[in-house]
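The values are calculated or read from the model by the stated rules, or taken from the named source; none is laboratory data. Bear in mind the structure is a predicted one, so any value in this text is a computation, not a measurement. FYI the Cβ positions are ideal-geometry reconstructions off the backbone, even for glycines, and counts take in every protein chain you see. The protein model used for the area step is the full one, side chains on, heavy atoms only, and it has no ligands, DNA or RNA in it. Shrake-Rupley method; radii C 1.70, N 1.55, O 1.52, S 1.80 Å.
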Amino acid sequence: MNIKEQLHNGSLYLPGNEELAKEQTLCLDRLYDFNRTRPTEYEKRVAMMKEMFAEIGENCYIEPPFHSNWGGKHVHFGKNIYANFNLTLVDDTHIYVGDYTMFGPNVTVATAGHPIQPELRQQAYQFNAPVTIGKNCWIGAGAVLLPGVTIGDNTVIGAGSIVTKDLPSNVIAVGNPCKVLREVSDHDKEYYFKDRKIDYSDLG
């Protein structure tokens with residue numbers, strides 16, 4: 001089994017491979033350039049993301065600085081995805097994000113882990129597990145998604161939450177560890193924040 005297969009099949013492996021390091025460094029060079037673009041260089045950013053990512057749909061926007069172990073090489077974005085400052089994607093294996101999902105500032109999505117066994121960890125062994133985020137999700141500021149989790153469509157993750165297990169569609173989930181608080185309901189069609197009602201006649 002070669003090292004690139006080990007990245008994506010969940011095996012323990014040693015990440016210090018020379019071939020991997022060269023390829024990863026080229027990806028990080030591109031990420032460095034992306035993070036130094038000016039706010040007025042929107043079209044340049046779009047073009048760079050199409051080169052950097054495994055897949056990326058139309059109308060995606062990432063606010064620099066953006067951090068990623070492989071510069072987005074293993075990231076699959078749908079369309080109309082928005083990410084605020086300091087999105088960190090530990091993309092040692094694949095990260096899938098559905099259309100219309102939003103990331104608050106300082107969100108981390110991690111696919112990489114290390115064994116608990118001290119001697120193996122001392123040798124720097126690593127494993128990776130893909131993360132899948134559904135369509136039209138909102139990941140609140142400072143949330144952390146751990147390796148292997150799947151989040152269903154339309155789900156909201158509260159700010160500062162630590163997602164350790166899969167979450168279903170159409171729920172609001174919060175906390176450390178993150179747990180379902182409630183389902184998205186008819187109440188949410190009427191109120192957008194606390195006691196503030198949605199006036200649909202004012203919406204475009």
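Got a sec? Which of Pro118, Pro177 is surrounded by fewer than 17 Cβ atoms within 10 Å (Cβ to Cβ), under 19 Å from the mean Cα position of the chain (by Cα) and not hydroxyl-bearing (Ser, Thr, Tyr)? Step by step, each of Pro118, Pro177 is checked, and only Pro177 is surrounded by fewer than 17 Cβ atoms within 10 Å (Cβ to Cβ), under 19 Å from the mean Cα position of the chain (by Cα) and not hydroxyl-bearing (Ser, Thr, Tyr).
Restricting the first member to region 139-154 and to residues that are without any contact (Cβ under 8 Å) to a residue 24 or more places away in the chain and more than 17 Å from Phe85 (Cβ to Cβ), and the second to residues that are open to solvent by 10 Å² or more (accessible area, probe 1.4 Å) and among the polar types (S, T, N, Q), the beta-carbon pairs closer than 9 Å and six or more apart or on different chains are Val149/Thr132; Val149/Thr164; Thr150/Thr132; Ile151/Thr132; Ile151/Ser169; Gly152/Ser169; Gly152/Asn170.
Each residue in region 159-172 was checked for being closer than 17 Å to Leu87 by Cβ and not in a strand (DSSP E or B), and 3 of them qualify. Residue check: is Thr88 in contact (Cβ under 8 Å) with a residue 12 or more places away in the chain, part of a loop (DSSP other than H, G, I, E, B), within 24 Å of Asp153 (Cα to Cα) and among the hydroxyl-bearing types (Ser, Thr, Tyr)? Taking the combined requirement at face value, the residue does not satisfy it. For Arg36, the conditions (1) assigned to a loop (DSSP other than H, G, I, E, B); (2) surrounded by 12 or more Cβ atoms within 10 Å (Cβ to Cβ); (3) not polar (S, T, N, Q) all hold with the exception of (2).
Scanning region 64-77 for residues that are open to solvent by less than 40 Å² (accessible area, probe 1.4 Å) and either at pLDDT below 95 or not polar (S, T, N, Q) (or both) turns up Pro64, Phe66, Trp70, Gly71, Gly72, His74, Val75, His76, Phe77.
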